[in-house]
Every structure is written in structure tokens, then in C-alpha cells.
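Only one structure is covered here, and it is reproduced in the block below.
Every read-out reported here was derived from the displayed coordinates using simple, explicitly stated rules and does not represent laboratory data. Since the structure is predicted, the reported quantities are computational estimates derived from the model, not experimental observations. Here the Cβ positions follow ideal geometry from the backbone for every residue, glycine too, while neighbour counts run over all protein chains shown.
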Amino acid sequence: MPSVVYIIALVGVPFVLAVGFAVSDVTAGDPSFDFVGLANFRAIFDDPVFWRSLGNTFLFTGVSMIFIVIFGKILANILVADFKGKWIVRFLVLLPWTTPATLGAIAWLWLLDSIFSPIDWVLRKLGFIDGNMYWLGEPQLAMGSVIAVHVWRLTPLAAVIMMAGLVAIPRDMDEAARVDGAGFWRRMFEVTIPLTLPVIAVSALFGAIFTFTDMAVVDVLTNGGPNNATQVLTSWAFFRGIDGGDVGQGAAVALFLFPLLLAAAIAILRAVRKLEVR
């Protein structure tokens, strides 16, 4: 019962309010509720920034998830190994996830500064570049920087989830593969990965949801710029609904995330069920 009340209060009620706002003309200056039907959805569909934000969201999520799953698997294998100082490595690996998102993004904002970036200083000393890179000023570099910072944030979460799957693998299966002469890579692709695919899928689901609904990194690093090159649906919904004061259109943009997330969650959960049956 407490969990049901929690879900209704913090998920159900805001969702119903979002639906109501999306079909109304509510603004920051006029909170009166006047039904306008699908006018807000027609307005956002006619907005080129909305479609650019949608494309950026898929790009941001897709590329981020590829690297999060790969790096998470690598880190998980490192974390389950026995070596001296493992607790220090685990602490450093988990630090990006435990650090508040805005605090970590502000640190990266300094690291990627167009003038005082220490990354540029190191690259100049090594002879790779001559001037500044303007990481957050060029459209392609800005998107790459946002993706890199987001991967840095979510990889520890994926690593912890996958580590739980690795620990659950029976030792006798790995030992039997060793006795049969299977090397590291063969054991990895024929034993470890097949047995941890359901866990990998779950970590991918969590990562996709967090990535698809995240705006902290984009908001702090680029605020959707330059020229909306890094604008995603969540940041554009915030810009329209909160900064712009058009609550109705902001709710319509945010509500557009629901069917996309629902479809992704159903697809991944079905894949997990099929893998568990096998």
C-alpha cells in the first residue's frame, strides 16, 4: 500500500496534470484552464526545433547506450576481479554516479571551457592541437561532449547492475570451460555474455530511461546550443513550459516522451523474457 500511494502521488497525479495541461491553454501568466484540444500538439509538430530535438534525443540516447553497455561490461569484469586496492577502484568507479548531476556537469563545464580548458592545454602540450577546440561551441563537438559526459555519469550504474549478474554465474560453469581449454575471449562470448544477457538488457533499459529523460547535462553544458544543436525533448519541454511560460506546449512536448519510453520498455522487457525462457 505505501508503494502504491507513492506511485499515485508522485507519478500518477503529475501524469494526469500533464495530460490536462497539454490540452489546455495554461500559461505562466494565465493559469486559467481553457480546453483547446490538440492545438498544442499541432503547434509543436509545426515547430522545426521540436523535430530537431526529437532527432537529437534519439542520437543522444542511441550513441550513449552503446558506450554505456560496452564500458559497463568492461568495468563490471574489473570490479569482480580480485586484486589489491579493489575498494579504491570501486569507489572511483562509483563516484560519477554518486556525484550530483549538476555538480558533475559544472566540473565538466570547466574542463571543456573554450579558453581555460585543461584538456586543451594537455592536447597542446602533446602536440595534437595548435589552438583551442571550443568543445561546447561547435555543433558536432558539443553533441559529442554532451554524450561523453552522460556516458561518464551512467556507466557506473550499468557496471553495478552487470556486476550483480556476473557474481550470480555459477563458478563450476566457468571452471568447466577452463578445463575444456576455453580461453578468456571464448569464455566471455560463449559463457559469460549469454548468461548475463538478461541483466545487460535490464541495465540497458534503465540507462535508456535515464538518458531519454535527462536534461541536466544538456542544460548545464550547452543549454541546448549552439543554435539548438544539442537540444533534446526534455530540455525543449523545459524551455517552452518553464522558461518560455507556455505550460500547455511544454506539457505537450514532455507528454510526447511517454509513448516512446513505453514502446522501448515493452520491447526490452519482451527481449528479457525471451532470454530467460531460453
Quiz item: Roughly what angle does helix 13-22 make with the longest principal axis of the chain, taking Cα atoms, 0 to 90 degrees, to the nearest 10?
Solution: 50 degrees
Quiz item: Could you give the angle, 0 to 90 degrees to the nearest 10, between helix 139-167's Cα long axis and the longest principal axis of the Cα atoms of the chain?
Solution: 50 degrees
Quiz item: Roughly how tilted is helix 86-98, in degrees to the nearest 10 and between 0 and 90, from the longest Cα axis of the chain?
Solution: 10 degrees
Quiz item: Order of Val122, Val220, Val80, Val26 from fewest to most other C-beta atoms within 10 Å?
Solution: Val122, Val80, Val220, Val26
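Percent relative contact order of the chain, based on C-alpha pairs within less than 8 angstrom and at least six residues apart?
Values: 334 pairs, mean separation 83.8, N = 278.
Relative contact order here is 30 percent.
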Self-check item: In Å, descending, principal axis extents of the Cα set of region 155-278
Solution: 66, 30, 19
Quiz item: If contacts are Cα pairs under 8 angstrom and at least 6 residues apart, what is the relative contact order of region 124-278 in percent?
Solution: 25 percent
Practice problem: Fewest Cβ neighbours within 10 Å first, please rank Leu157, Leu136 accordingly. | Solution: Leu157, Leu136
Quiz item: What ranking do 239-246, 203-210, 6-13 get when scored by the average of other Cβ atoms within 10 Å per residue, highest first?
Solution: 203-210, 239-246, 6-13
Exercise. Go ahead and run the numbers for FRET between Ile70 and Ile129, Cβ-Cβ distance against an R0 of 45 Å, rounding to 0.05.
Key: 0.95
Exercise. Kindly state, to the nearest 0.05, the FRET efficiency for Val36 paired with Phe15, given R0 = 30 Å and r defined as their beta-carbon distance.
Key: 0.95
Self-check item: Unit Cα scatterers, Debye sum, the chain: log10 I(q)/I(0) for q = 0.10 Å⁻¹
Solution: -0.67
Quiz item: Using modelled backbone amide H atoms (1.01 Å from N, in-plane), which distant-in-sequence or interchain residues come within less than 5 Å of Ala229's amide H?
Solution: none
Self-check item: For region 41-167, alpha-carbon Rg and Dmax in angstrom
Solution: 18.0, 60
Exercise. Evaluate E = 1/(1 + (r/R0)^6) for Arg178 and Arg270, where r is the Cβ-Cβ distance and R0 equals 30 Å; express this FRET efficiency to the nearest 0.05.
Key: 0.30
Quiz item: If you put +1 on each Lys and Arg Cβ and -1 on each Asp and Glu Cβ, how big is the dipole of the chain around its Cα centre, in Debye rounded to 20?
Solution: 1080 debye
Exercise. Would you mind listing how long region 1-59 runs along its three principal axes, going by Cα atoms, in whole Å with the largest first?
Key: 44, 35, 20
Self-check item: Value of Rg to Rh for region 205-278 (Rh from inverse mean 1/r over Cα pairs, i.e. Kirkwood)
Solution: 1.12
Quiz prompt | Centroid-to-centroid separation of region 38-83 and region 227-278 [C-alpha atoms, Å] | solution = 10 Å
